[in-house]
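Chemist: Submitted below is the structure of interest, expressed as structure tokens.
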Amino acid sequence: MLTAAATLALIAAVVGGLLWLADRRVPQRSADPVHRIEALLPRIQCGQCGFAGCLAYAKAIADGGAAINLCPPGGQETVDQLAILLGRERLALDEHRGSASLAQIALIDEAVCIGCNLCLRACPVDAIIGAPQFMHTVIADECTGCELCLAPCPVDCISMRPRLSEANA
Amino acid sequence: MELFFTTILAAALVNNFVLVQFLGLCPFMGASRQVEGALGLSLATGFVLTLSAALSHIIQGWILEPLSLEYLRLTSFMLIIGGAVQATELMVRRMNATLHAVLGIYLPLIASNCAVLGVALLNTNSSRSLFEAICYGAGAALGFGLVLTTFGALRARLETNDVPQAFRGNAIALITAGIMSLAFLGFTGLVRT
């Protein structure tokens, strides 16, 4: 019994130790521009830039096919950082891309909600909880303000509210 | 040298893990939609298969048998395989992030690929030497990669074909797999095992 436990623990420790070493030693190949661009994006996968998620947008920027000012959640700050990374001209944020930003959160009017569960499937960060035929609600801490839940709602019971800061909450 | 080739041929074609022994069907059906992804996954699985075949043989021969702890075989093999898969995932993520994105969930799922555990267990059951065990693992990896990439290519062709409505999607893929399995039965008797 003791030998068995000790043997298993030893094997596990050796495997874990080797993995830890590998994790420390193997360098991240950061020369890949797509991933350096993606690291600057908010990665909330809202799709308001017109691409299917942040990785797709990063690829499009790297290929030179997309402007760097299409990301509303990232705001002007992201545009500036992308301009520095890529050595491109600083642009103003494209205002026509939508108004999604981390400064707002979705609010479900629970008196109107019919529990259809469509917004739940639209949410890219699983910030909406609920089940079919039951009231849904938004986890404020998880919501990224991407506005993707607004379009699928059949009764238009979701509205965007400014995120309350700690001070006036 | 002859032993090397017969072991590899036997594991890759005659006793092909996917089409003859029906092990590792999950990635076979799941990760064969594109040829590139299939090729990447077969390389990753091949690496894990060969590595875990060697490591499990060493664990079995040098640790479990001398201590008469053979009943810990399954647990310790799963530990080894889990570690090998983690190492592979780490390498793929650091070396080729695009491949990592393409493979997605199927990369960590190599750990639950029954072909990997199957090779380790079959090796200890038939008491092969370390060299034979590694050859068997490499042969199984070769067979898995061959089948996965050809199946991926077949499915890519099926996408553009005019398949009857009732057979679209997974149905025609399963029928194709069945026909491939029948074709692989033709290798029976090629190598005496």
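The values are calculated or read from the model by the stated rules, or taken from the named source; none is laboratory data. Small disclaimer: the values here were computed from a predicted structure and weren't measured. Cβ placement follows ideal geometry from the backbone for every residue including glycine, while neighbour counts extend to all protein chains displayed.
Chemist: Looking only at the range B:22-40, count how many residues are in contact with a helix residue (DSSP H, G or I) (Cβ under 7 Å, 6 or more places away or on another chain) and outside any helix (DSSP H, G or I).
Modeler: Qualifying residue count, the range B:22-40: 6.
Chemist: Please verify whether A:LEU18 is out of contact with any Leu (no Cβ under 9 Å at 6 or more places or on another chain) and either closer than 30 Å to A:GLU142 by Cβ or within 11 Å of another protein chain (Cβ to nearest Cβ) (or both), treating the condition exactly as stated.
Modeler: yes
Chemist: Given (1) under 17 Å from the mean Cα position of the chain (by Cα); (2) more than 14 Å from every other protein chain (Cβ to nearest Cβ), identify the lone condition not met by B:GLN34.
Modeler: So B:GLN34 meets the others, but not (1).
Chemist: Is one or more of the residues making up the range A:130-148 touching a Ser or Thr at 6+ places or on another chain (Cβ under 9 Å), outside the structural domain of A:GLY53 (by TED's automatic domain parsing) and not in a loop (DSSP other than H, G, I, E, B)?
Modeler: Looking for residues that are touching a Ser or Thr at 6+ places or on another chain (Cβ under 9 Å), outside the structural domain of A:GLY53 (by TED's automatic domain parsing) and not in a loop (DSSP other than H, G, I, E, B), one finds none in the range A:130-148, hence no.
Chemist: Answer yes or no: is there a residue in the range A:42-50 that is more than 14 Å from the chain's Cα centre (by Cα) and closer than 21 Å to A:CYS123 by Cα.
Modeler: For the range A:42-50, residues more than 14 Å from the chain's Cα centre (by Cα) and closer than 21 Å to A:CYS123 by Cα: present.
Chemist: What are the pairs, 6+ residues apart or on separate chains, where a residue within the range B:66-85 that is among the hydroxyl-bearing types (Ser, Thr, Tyr) has its Cβ under 7 Å from a residue that is part of a helix (DSSP H, G or I)?
Modeler: Listed by first residue and then by second, the contacts come to B:THR75/A:LEU8; B:SER76/A:LEU8; B:SER76/A:ILE11; B:SER76/B:ILE59; B:SER76/B:LEU64.
Each row is one residue, and each column tells you yes or no for (1) surrounded by 13 or more Cβ atoms within 10 Å (Cβ to Cβ); (2) touching a residue at least 24 places away in the same chain (Cβ under 8 Å).
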residue	(1), (2)
A:ASP109	no, yes
A:CYS113	yes, yes
A:ILE129	yes, no
A:ILE139	yes, no
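Chemist: For the condition within 24 Å of B:GLU70 (Cα to Cα), modelled with pLDDT of 85 or more and assigned to a helix (DSSP H, G or I), what is the one hit in A:ALA22, A:ALA58, A:ALA5?
Modeler: One residue alone meets the criteria, A:ALA5.
Chemist: Further, regarding this structure: Out of everything in the range B:138-193 that is aliphatic (A, V, I, L, M) and outside any helix (DSSP H, G or I), what residue ends up being farthest from B:SER56 (Cα to Cα)?
Modeler: For the range B:138-193, the residue satisfying everything is B:VAL163.
Chemist: Right, another one. With A:ILE68, A:ILE105, A:ILE37 as the choices, which residue is out of contact with any Phe, Trp or Tyr (no Cβ under 6 Å at 6 or more places or on another chain), without any contact (Cβ under 8 Å) to a residue 60 or more places away in the chain and in a helix (DSSP H, G or I)?
Modeler: The conditions single out A:ILE37.
Chemist: Moving to a separate point now. Please specify each residue of the range A:19-49 satisfying the condition of being exposed (fewer than 14 other Cβ atoms within 10 Å of the Cβ) and touching a helix residue (DSSP H, G or I) at 6+ places or on another chain (Cβ under 8 Å).
Modeler: Hits for the range A:19-49 are A:ASP23, A:PRO27, A:GLN28, A:ARG29, A:SER30.
Chemist: So, one more: Taking the range B:1-56 as the search range and keeping residues that are closer than 16 Å to B:MET180 by Cα and aromatic (Phe, Trp, Tyr), which one is surrounded by the most Cβ atoms within 10 Å (Cβ to Cβ)?
Modeler: Out of the qualifying residues, it is B:PHE17.
Chemist: Among the listed residues A:LEU55, A:LEU8, which satisfies the condition of being of a type outside the set (Asp, Glu), in contact with a Ser or Thr (Cβ under 8 Å, 6 or more places away or on another chain) and without any contact (Cβ under 8 Å) to a residue 24 or more places away in the chain?
Modeler: Of A:LEU55, A:LEU8, the one residue that is of a type outside the set (Asp, Glu), in contact with a Ser or Thr (Cβ under 8 Å, 6 or more places away or on another chain) and without any contact (Cβ under 8 Å) to a residue 24 or more places away in the chain is A:LEU8.
Chemist: Let me ask something else. Please go through (1) modelled with pLDDT under 90; (2) touching a Leu at 6+ places or on another chain (Cβ under 9 Å); (3) closer than 30 Å to A:ILE37 by Cβ for B:VAL85 and return the number of the only condition it doesn't satisfy.
Modeler: Going through the list (1) modelled with pLDDT under 90; (2) touching a Leu at 6+ places or on another chain (Cβ under 9 Å); (3) closer than 30 Å to A:ILE37 by Cβ, B:VAL85 breaks only (1).
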